[in-house]
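*Asks:* Take a look at the following structure, please.
The values are calculated or read from the model by the stated rules, or taken from the named source; none is laboratory data. Bear in mind that the values here come from a model prediction, so they are computed numbers and not experimental data. So basically every Cβ, Gly included, is an ideal-geometry build from the backbone, and we count neighbours across all protein chains shown. Areas reflect the complete protein model, heavy atoms only, side chains present, ligands, DNA and RNA absent. Shrake-Rupley method; radii C 1.70, N 1.55, O 1.52, S 1.80 Å.
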Amino acid sequence: QVQLVESGGGLVQAGGSLRLSCAVSGSIFSGYVWGWFRQAPGKQRELVAAISSGGNTNYAGSVKGRFTISRSNAENTVDLQMNSLKPEDTAVYYCRLWGVRDYWGQGTQVTVSS
């Protein structure tokens, strides 16, 4: 059974950095897309960044140039490096792995103070 566990959230001041990590346990086959989503209070969950099995990346316009998604096939992890954080980045961040099946992590809170 595949499980996703996020870590690395927390409280940071505006302009600071955080690194989120998602560890995947279980058997993962090729063809899956890894991604980070976020959901702020009262808002819909939105895609932040995604990386395909071939290494192609996609970012939301609001984070492009500030966030970087990376993946380690050997360690079955996907990370999100977040720099120049803004208060509007405050949200619960979720790791997702999708393809033939769809898996979500439990979420980790990121709070950016002004």
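*Asks:* For the stretch 1-58, state which chymotrypsin sites (Phe, Trp or Tyr not before Pro) are in a DSSP loop and have at most 12 other beta carbons lying within 10 Å of their beta carbon.
*Replies:* Numbers: sites: PHE29, TYR32, TRP34, TRP36, PHE37; in loops: PHE29, TYR32.
Within the stretch 1-58, the qualifying chymotrypsin sites (Phe, Trp or Tyr not before Pro) (loop, at most 12 other Cβ atoms within 10 Å) are PHE29.
*Asks:* Suppose every Lys and Arg Cβ carries +1 and every Asp and Glu Cβ carries -1, with no other charges. What dipole size does the chain come out with about its Cα centre, to the nearest 20 debye? List each step's numbers first, then the result.
*Replies:* On the way: 10 positive and 7 negative charges, 36 e Å.
With Lys and Arg at +1 and Asp and Glu at -1, about 180 debye.
*Asks:* So, one more: Taking the Cβ of TRP34 as the center, what net charge do the other residues with Cβ under 13 Å away carry, scoring Lys and Arg +1 and Asp and Glu -1?
*Replies:* Values: positive: ARG71, ARG96; negative: GLU6, GLU75, ASP79, ASP102.
Net of charged neighbours comes to -2.
*Asks:* Over the chain, with a Gaussian network built from C-alpha contacts below 10 Å, which listed residue (ALA60, ALA74, ALA91) shows the highest mean-square fluctuation?
*Replies:* Sorting by GNM fluctuation, first place goes to ALA74.
*Asks:* Evaluate Rg over Rh across the chain, taking Cα atoms for both radii and Kirkwood's formula for Rh.
*Replies:* 0.95
*Asks:* Run the accessible area of the stretch 1-111 with a 1.4 Å probe and give the carbon-and-sulfur part as a rounded percent.
*Replies:* Details: 2740 of 5880 Å².
The nonpolar share, carbon plus sulfur, comes to 47 percent.
*Asks:* Count charges around GLY8 for me, please; just the other residues with Cβ under 12 Å from its Cβ, Lys/Arg as +1, Asp/Glu as -1. Intermediate results must be reported in sequence, preceding the final value.
*Replies:* Values: positive: ARG19; negative: GLU6, ASP79.
Neighbourhood net charge equals -1.
*Asks:* In square angstrom, what is the accessible area per residue of the stretch 25-88 with a 1.4 angstrom probe? All intermediate terms of the calculation are to be shown ahead of the outcome.
*Replies:* On the way: 3500 Å² over 64 residues.
On a per-residue basis, the stretch 25-88 sits at 55 Å².
*Asks:* So what's the net charge close to CYS22: Lys and Arg +1, Asp and Glu -1, counting the other residues with Cβ under 14 Å from its Cβ?
*Replies:* Numbers: positive: ARG19, ARG38, ARG71, ARG96; negative: GLU6, GLU75, ASP79.
Charge balance in the 14 Å sphere: +1.
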